[in-house]
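Asks: Sharing a structure, written as structure tokens. Questions coming.
No value in this document is a laboratory result; all are computed from the given coordinates. If you're wondering where the values come from, they're calculated on a predicted model, not measured in any experiment. Here the Cβ positions follow ideal geometry from the backbone for every residue, glycine too, while neighbour counts run over all protein chains shown.
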Amino acid sequence: MAQVARDLRRQPDVDYHLDYQFRAWGSIPEYTDRWPEMDAIDKEVFHLEWVGITESRLEQLQRWAEQGLLTPTQRDHYDELQQLVAQHRPAAEALLSEP
């Protein structure tokens, strides 16, 4: 199998996206707890940020992973992130589906 040359300039971007995703997906239980008390504006902000930023950055990480651009450590963190996403995706989708 051919080795993929990693763009070292991209590594801080990957690290930033991984950190962002861990914070975002890790915050879902807190949002679930606070959701009933949140006003319509806060819920809309959550929706816009989640769909516009969180999901798009997750897709970018997936592309980088598929292209083999992650270091072994980053790949390990990405695999951990996938488990966190699988754990919290049902709750996130429930929040996003509410009017």
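Asks: So, by mean Cβ neighbours within 10 angstrom, what's the order for 73-81, 41-49 with the highest one leading? Show your work: numbers first, answer last.
Replies: On the way: 73-81: 15.0, 41-49: 12.8.
Answer by packing, highest mean first, reads 73-81, 41-49.
Asks: Just the C-alpha atoms of region 10-97: what Rg/Rh do they give, with Rh taken as the Kirkwood radius?
Replies: 1.01
Asks: Assigning unit charges at the beta carbon (Lys, Arg +1; Asp, Glu -1) and nothing else, what dipole magnitude in debye, to the nearest 20, does the chain show about its Cα centre?
Replies: Numbers: 10 positive and 19 negative charges, 103 e Å.
Using Cβ point charges on Lys, Arg, Asp and Glu, the chain gives about 500 debye.
Asks: Please work out how much length the chain gains when fully extended from GLU37 to ARG75, using 0.36 nm per residue of separation minus the C-alpha to C-alpha distance, in nm with one decimal. Let's see the in-between values first.
Replies: Values: separation 38, 0.36 × 38 = 13.68 nm, distance 3.74 nm.
That works out to 9.9 nm of additional length.
Asks: Tabulate in residue order the Karplus-calculated ³J(HN,Hα) for region 65-74, using 6.51 cos²θ - 1.76 cosθ + 1.60 with θ = phi - 60°, rounded to whole Hz; enter x for Gly and Pro.
Replies: 5, 5, 7, x, 8, 8, 5, x, 5, 4
Asks: Charges on Cβ only, +1 for Lys and Arg, -1 for Asp and Glu, centred on the Cα centroid of region 24-99; of TYR78, ALA40, THR54, which one is farthest towards the dipole's positive end?
Replies: Of the candidates, TYR78 comes out farthest on the positive side.
Asks: Relative contact order, percent, of region 10-97 when contacts are C-alpha pairs under 8 Å separated by at least 6 residues? If you can, show how the numbers build up before the last one.
Replies: Working: 37 pairs, mean separation 49.5, N = 88.
It comes to 56 percent, rounded to a whole number.
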